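Take a look at the structure below.
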């Protein structure tokens, strides 16, 4: 079973990586971007026996720093479709 | 308009970060995890005038290294729901 975990910085937490990406986009003349926030995407391949509660525990214990980060869990049967 | 971009390593590309997370999960006694792949999640706040093609260009020019990475674009009106 494929599980995707999205880890994002909480609102108000400074994000220098996102800021750097934003500036880079501007210097490449991409207009219309008002802000960029950088986060993490973790794709786990887990046994179907693993419960959502267990995945939640993995996130709060290891995968996300809940002081400054939020996480979101998405269960999916298939992996990402490649774009190219 | 909120745009989420998922950047993941292509199949076959070594992922030491994912491996380290996998080992860490095992050493914390989480069973049933067969593999972990680490990627990036970028949340862009863009003007509605920005087209999908333009976002695609941002990805291929700056946000993803298409030699070793795939990317996926998701348009959404709202940001991530905080879990806590």
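The values are calculated or read from the model by the stated rules, or taken from the named source; none is laboratory data. Just so it is clear, the structure is predicted and the values come from calculations on it, not from any experiment. Note that each Cβ is placed from the backbone with ideal geometry, even for glycine, and that neighbours are counted across all protein chains shown.
Structural remarks
- The numbered conditions (1) in contact with a helix residue (DSSP H, G or I) (Cβ under 7 Å, 6 or more places away or on another chain); (2) more than 30 Å from residue A:34 (Cβ to Cβ) are all true for residue B:58 except (2).
- Residue check, residue A:73 closer than 25 Å to residue B:29 by Cβ and at the interface with another protein chain (Cβ under 9 Å from one of its Cβ atoms): yes
- Number of residues in the stretch B:48-57 that are facing another protein chain (nearest Cβ under 7 Å) and in contact (Cβ under 8 Å) with a residue 40 or more places away in the chain equals 1.
- Residue in the stretch B:2-14 that is free of Cβ contacts under 8 Å to residues at least 24 places away in the same chain and either in contact with a helix residue (DSSP H, G or I) (Cβ under 9 Å, 6 or more places away or on another chain) or over 20 Å from residue A:43 (Cβ atoms) (or both) present: no
- Any hit, the stretch A:43-60, residues being touching a strand residue (DSSP E or B) at 6+ places or on another chain (Cβ under 9 Å), closer than 30 Å to residue B:57 by Cα and modelled with pLDDT of 95 or more: yes
- So residue A:7, is it farther than 19 Å from residue B:4 by Cβ and buried (at least 17 other Cβ atoms within 10 Å of the Cβ): no
- Selection within the stretch B:6-47: residues that are in a helix (DSSP H, G or I) and more than 9 Å from chain A (Cβ to nearest Cβ). The member of this set that is farthest from residue B:73 (Cα to Cα) is B:27.
- Breaking point among (1) touching a helix residue (DSSP H, G or I) at 6+ places or on another chain (Cβ under 9 Å); (2) in a strand (DSSP E or B); (3) modelled with pLDDT of 95 or more, for residue A:75: (3)
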